[in-house]
Amino acid sequence: MLRMQSKTESSLLSPLEAPAARVLNARGVARAVLVCEHASRFIPAALDGLGLDDVAARSHAAWDIGALEVAVELAGALDAPLVHSRVSRLVYDCNRPPEREDSMPPRSEVFAVPGNQGLTMDQRAQRVRDIYEPFRGLLSQTLDRRPEPPVLITIHSFTPIYNGKTRAVELGILHDSDDRAAQVMLNHAAHCGLRVALNEPYSPEDGVTHTLREHGIARGLPNVMIEIRNDLIDTPTGVNRIVGLLTPILAATVETFSDAGQNT
């Protein structure tokens, strides 16, 4: 006997819009897994654009501009799997746990998000179930299926000006309580020609390391979060340049842990 779904149980994504997350190059042989939580600015039709105007819907608030393009190229260059979300972080931010208000932010920097204001518990639960849990599950499966423990690397971008303040850093290398991979990457990035900083323009105190904690630290995996200033990767030429700089840095970082037996 078929069981009918209630309104709150129905999927937020139509069959044509699904899945909420995808893995590319799943059989990549590198001892690394790449993640891009903010890869898309797509908003399901059921949410009526969250009430955003076109400027907000295309802005850095809706996604990490250029991050997916960089992540895809890095996945190919390193021969590593890449897990990425296919839905805007304004619908659900897959780098935040469900209990945080900014997992479905009513406001992001200068942009109000009308469709996230006054959400009911059922509405929040639906987004967790239909957007976050598929992403979380796919990433967990990808990590668990690796033949050897990988380095977890998340790829993000950030706006050059935030709340009116200019950011000079071009490449941020972030870590939570486990700084092994971040310190190794920082060493290899010392002469890459970019302005590099540790735990900038964000730090763990900003609540941006959920994926590292949930999937890296919990498994004892070396892990690092990369933040690239988005004016460096908003064109194909820029993406190619940054990928060219990052590929040897990440390859050397991964090799360090492969040679050391990963968890030493």
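The values are calculated or read from the model by the stated rules, or taken from the named source; none is laboratory data. Predicted model only: the values in this text are computed from it and were never measured. Note that we place each Cβ from the backbone using ideal geometry, even for glycine, and neighbour counts take in every protein chain shown.
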Q.
If I ask for residues that are at pLDDT below 95 and of a type in the set (Asp, Glu), which ones from segment 1-52 would you list?
A. Glu9
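Quick one: which of Ala57, Ala75 is in a helix (DSSP H, G or I) and in contact with a Lys or Arg (Cβ under 7 Å, 6 or more places away or on another chain)?
Step by step, each of Ala57, Ala75 is checked, and only Ala57 is in a helix (DSSP H, G or I) and in contact with a Lys or Arg (Cβ under 7 Å, 6 or more places away or on another chain).
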Q) Condition test on Arg136, is it within 25 Å of Ala26 (Cα to Cα), assigned to a helix (DSSP H, G or I) and touching a residue at least 24 places away in the same chain (Cβ under 8 Å)? A) yes
Q) If you check Val208, Val224, which single one turns out to be touching a Phe, Trp or Tyr at 6+ places or on another chain (Cβ under 6 Å), surrounded by 15 or more Cβ atoms within 10 Å (Cβ to Cβ), among the aliphatic types (A, V, I, L, M) and within 30 Å of Glu101 (Cα to Cα)? A) Val208
(Q) Cβ-Cβ distance below 9 Å, separation of 6 or more or different chains: which pairs start in segment 10-25 with a residue that is on the phi > 0 side of the Ramachandran plot and end on one that is buried (at least 16 other Cβ atoms within 10 Å of the Cβ) and not in a loop (DSSP other than H, G, I, E, B)? (A) Asn25/Leu34; Asn25/Val72; Asn25/Ala75; Asn25/Leu82
Q.
Given the criterion of a type outside the set (Ser, Thr, Tyr) and without any contact (Cβ under 8 Å) to a residue 40 or more places away in the chain, identify the matching residue among Ala77, Ala45, Ala56.
A. Ala45
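Answer yes or no: is there a residue in segment 214-227 that is over 19 Å from Asn95 (Cβ atoms) and not hydrophobic (A, V, I, L, M, F, W, C).
Yes.
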Q) Here are Ala189, Ala197, Ala218: which of them is buried (at least 19 other Cβ atoms within 10 Å of the Cβ) and of a type in the set (A, V, I, L, M, F, W, C)? A) Ala189
Q: May I ask you to list the residues in segment 150-160 that are in a loop (DSSP other than H, G, I, E, B) and within 16 Å of Leu78 (Cβ to Cβ)?
A: Pro150
